[in-house]
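The structure appears right after this line, and notes come after that.
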Amino acid sequence: MQFFKRFHHCPACGGAVEYSIPADDNRERATCTVCHTIHYQNPINVVGTLPVWGEGPEGQVLLCKRNIEPRYGMWTLPAGFLELGESTAEGALRETDEEAGAQIELQGLYTVLNVVRVGQVHFFYRARLLGTEFNPGPETIEARLFHEHEVPWDELAFRTVRETLQRYFADRREGRFEVYCGDIA
């Protein structure tokens, strides 16, 4: 896992760090040679929503055009990093408000996508929009509703967004929505 950040100095005391397998563990960890603190590196959680306005084939999905890197100017579902002290549902609501200024009602967890190569897990909730007035925050250029045939597939920022949208439209045609867990290579 060479792509993950490697410690050289202990964040707790500044001492030198060595990588070894601690007692009662099975993975190499960054361990301080001075204060003996073991530094665990865990996946980062990304939370968001798939907000929908309307029912059936005429229903539209809300996408946000990014005003930040990575993928500036590309479209995404409202999402971002989970904060300490909040649940995945609370984080998804917060991110939807921050990025789109949209008021929603969560309808349940929809996709859980492991992006192992970058150490992230993405959680998307299905959501019902409570209105069509949006007030995008500074991370968003534009928040807009799209029918399925209007989705800018070639301009989507992330594979997790593409996977979630493709599954949503397929599930909508079949009239059932089940939680999907998968991996993005």
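Just so it is clear, none of the values below were taken in a lab; they were calculated from the coordinates. Nothing here was measured: the structure is a model prediction, and the numbers come from that model. Ideal geometry is used to build each Cβ from the backbone, glycine not excepted, and the neighbour counts take in all protein chains shown.
Remarks
- In the range 102-149, residue farthest from Gly73 (Cα to Cα) [restricted to those that are in contact with an Asp or Glu (Cβ under 7 Å, 6 or more places away or on another chain) and charged (D, E, K, R)]: Arg128
- Condition met for Ile38 (over 26 Å from Glu83 (Cα atoms) and more than 23 Å from the chain's Cα centre (by Cα)): no
- Single residue of the range 109-151 satisfying the filter (among the hydrophobic types (A, V, I, L, M, F, W, C), touching a Leu at 6+ places or on another chain (Cβ under 9 Å) and more than 11 Å from Leu62 (Cα to Cα)) that is surrounded by the most Cβ atoms within 10 Å (Cβ to Cβ): Phe124
- Residue among Ala30, Ala23, Ala12 that alone is surrounded by 13 or more Cβ atoms within 10 Å (Cβ to Cβ) and hydrophobic (A, V, I, L, M, F, W, C): Ala30
- All strands (runs of 3 or more DSSP E) inside the range 118-185 with 3 or more residues being closer than 20 Å to Leu106 by Cα: 120-129, 140-146
- Condition met for Gly56 (surrounded by 14 or more Cβ atoms within 10 Å (Cβ to Cβ) and within 30 Å of Gly131 (Cβ to Cβ)): no
- Members of the range 97-151 that are of a type in the set (S, T, N, Q) and in contact with a Ser or Thr (Cβ under 7 Å, 6 or more places away or on another chain): Thr111
- The set of residues from the range 152-183 being acidic (Asp, Glu), surrounded by 15 or more Cβ atoms within 10 Å (Cβ to Cβ) and out of contact with any strand residue (DSSP E or B) (no Cβ under 8 Å at 6 or more places or on another chain) comprises just one member, Asp171.
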